[in-house]
């Protein structure tokens, strides 16, 4: 009789030990996968924090430009006329404006310069990139001329400017921002 009572208890204890071992094995085998997922989430959180800080800095920059009334980049055609001073020619072709940050748009311009002094090109580039908001040189190509120090250049510029209506539309969702 004693043995029959112990047998079910022994069986229950053995099942409990087996369940505990299975749970321990499952935890041990799944821990690296869960730790890797946690590490990925931490990295993503770090990326989000960096992007948030960058976004805040950009928003502060645009607010400063607004407060100072500097919402239009300089006219590249006028800058070219000043820099080249009749020693060559420049033709400015504006590109299409694209929505950017709230109330701002990204503008593009292509400046084709012919028969210019390369020193004057440097003055032109300094003039358009040294203003607020600045033009940024996206691409530049040079072509040698017949005389040393002279030639042709094509410069692709891009800048931020306040949208004409002070508003813009999100490019990907067509929703006013």
Take every Cα-Cα pair in region 1-69 and report what % of them are more than 18 Å apart.
-> 70 percent
What FRET efficiency would be calculated for the residue pair residue 55, residue 33, taking the C-beta separation as r and a Förster radius of 45 Å, to the nearest 0.05?
-> 0.85
Is the shape of region 26-102 rounded, prolate or oblate, going by the alpha carbon gyration tensor and its root eigenvalues a ≥ b ≥ c, with a/c under 1.5 for rounded and a/b larger than b/c for prolate?
-> prolate
Calculate how steeply helix 2-67 sits against the longest principal axis of the alpha-carbon atoms of the chain, using the helix alpha-carbon long axis, and give the answer as 0 to 90 degrees to the nearest 10.
-> 10 degrees
If packing is taken as the mean number of other Cβ atoms within 10 Å per residue, what is the order of 148-160, 91-103, highest first?
-> 148-160, 91-103
For the chain, the spread of Cα positions along each principal axis, largest first, Å = 118, 42, 26
In deg cm²/dmol and to the nearest 500, what is the mean residue ellipticity at 222 nm of the chain if only DSSP H runs of at least 4 residues count, each as -39500 (n - 2.57), divided by the residue total?
-> -17500 deg cm²/dmol
Residue 26 versus residue 161, label points 7 Å from Cα toward the beta carbon: distance in nm?
-> 6.4 nm
Cα-Cα pairs in region 76-162 separated by more than 22 Å, as a whole percent of all pairs, come to 25 percent
Spin-label pair residue 112/residue 78, simplified geometry with 7 Å Cα→Cβ offset, distance in nm | 2.5 nm
Relative to the chain, whose Cα atoms define the longest principal axis, helix 118-129 and its Cα axis are tilted in degrees, nearest 10, by 50 degrees
Estimated inter-spin distance, residue 42 and residue 9, nm [label 7 Å along Cα→Cβ] = 4.7 nm
A chain fully extended from residue 16 to residue 143 at 0.36 nm per residue, minus the present Cα-Cα distance, gains in nm 37.4 nm
Efficiency of FRET from Cβ geometry, residue 126 and residue 101, R₀ 30 Å, rounded to 0.05 = 0.70
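Here, each number is a calculation from the coordinates, and none is a lab measurement. Given the structure is predicted, the values throughout are model-derived calculations rather than measurements. A quick note on method: Cβ atoms are made from the backbone with ideal geometry, for glycine too, and the neighbour counts reach across all protein chains shown.
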